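The values are calculated or read from the model by the stated rules, or taken from the named source; none is laboratory data. Note that the coordinates shown come from a computational prediction; the quantities given were computed from them, not determined experimentally. In this analysis, Cβ positions are derived from the backbone assuming ideal geometry, glycine residues included, and neighbour counts consider all displayed protein chains.
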Amino acid sequence: MSDPLKQSVDRITSFATTLNKASDSLICVIKDLEDFLAQNGVGVSTYVEIKRSPDIFDGPDDITSVGYDRWEGKFRIVVWEGTDQSAGTCKPWGECDRATKLLSASFLPQLLKRIADDLEQDAKSAMDAAEQVAKAIEPALKSKGGKK
């Protein structure tokens, strides 16, 4: 084999191995993240936009987002692609092509922060709602002779 051709073959072998190892590592990280979120009972739907491509015909932009959402009854890390919330497709991160996985990986810290922020807001709203309901219902229950 000629020297430049051999170098190309060697580079392909080396970089393919490196890329496959990196991809396998990302798959493990996503699985660990999904397991962690499930073990903590996290059930919020949220997304982080990772790419926006303007339509060449002045239509709506093509948008790609990574998110955490319900997929077939279970919350998963997902990728959504479309033009708006009603015109798009969503699938689990693991079913995406390698380019989308690699693109979305750098946005996972932002997604985790968004999940934490949304959980914090939901927890505050739930506590406020529980307090308001208790204040409204407890006097009525006490007046009917209910026990507390």
Exercise for review: Looking at (1) of a type in the set (S, T, Y); (2) within 12 Å of the chain's Cα centre (by Cα); (3) more than 30 Å from A22 (Cβ to Cβ), find the lone condition where S104 falls short.
Suggested key: (3)
Check your understanding: Taking the stretch 30-56 only, how many residues are modelled with pLDDT under 95 and part of a helix (DSSP H, G or I)?
Key -> 0
Exercise for review: Go through the stretch 25-60 and give me each residue that's acidic (D, E) and exposed (fewer than 10 other Cβ atoms within 10 Å of the Cβ).
Suggested key: D58
**Study point:** Whichever residue in the stretch 133-148 is of a type outside the set (A, V, I, L, M, F, W, C) and part of a helix (DSSP H, G or I) and, among such residues, is modelled with the highest pLDDT
**Key:** K135
Practice item. Could you figure out which of (1) surrounded by 16 or more Cβ atoms within 10 Å (Cβ to Cβ); (2) touching a strand residue (DSSP E or B) at 6+ places or on another chain (Cβ under 7 Å); (3) assigned to a helix (DSSP H, G or I) isn't true of I77? Key: (3)
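In the stretch 93-148, which residues are surrounded by 14 or more Cβ atoms within 10 Å (Cβ to Cβ) and among the small types (G, A, S)? Full working, then the answer.
Quick first cut of the stretch 93-148, residues surrounded by 14 or more Cβ atoms within 10 Å (Cβ to Cβ) only: 93-94, 96, 100-105, 107-108, 111-112, 114-115, 118-119.
G94, S104, A105 - these are the residues of the stretch 93-148 that are surrounded by 14 or more Cβ atoms within 10 Å (Cβ to Cβ) and among the small types (G, A, S).
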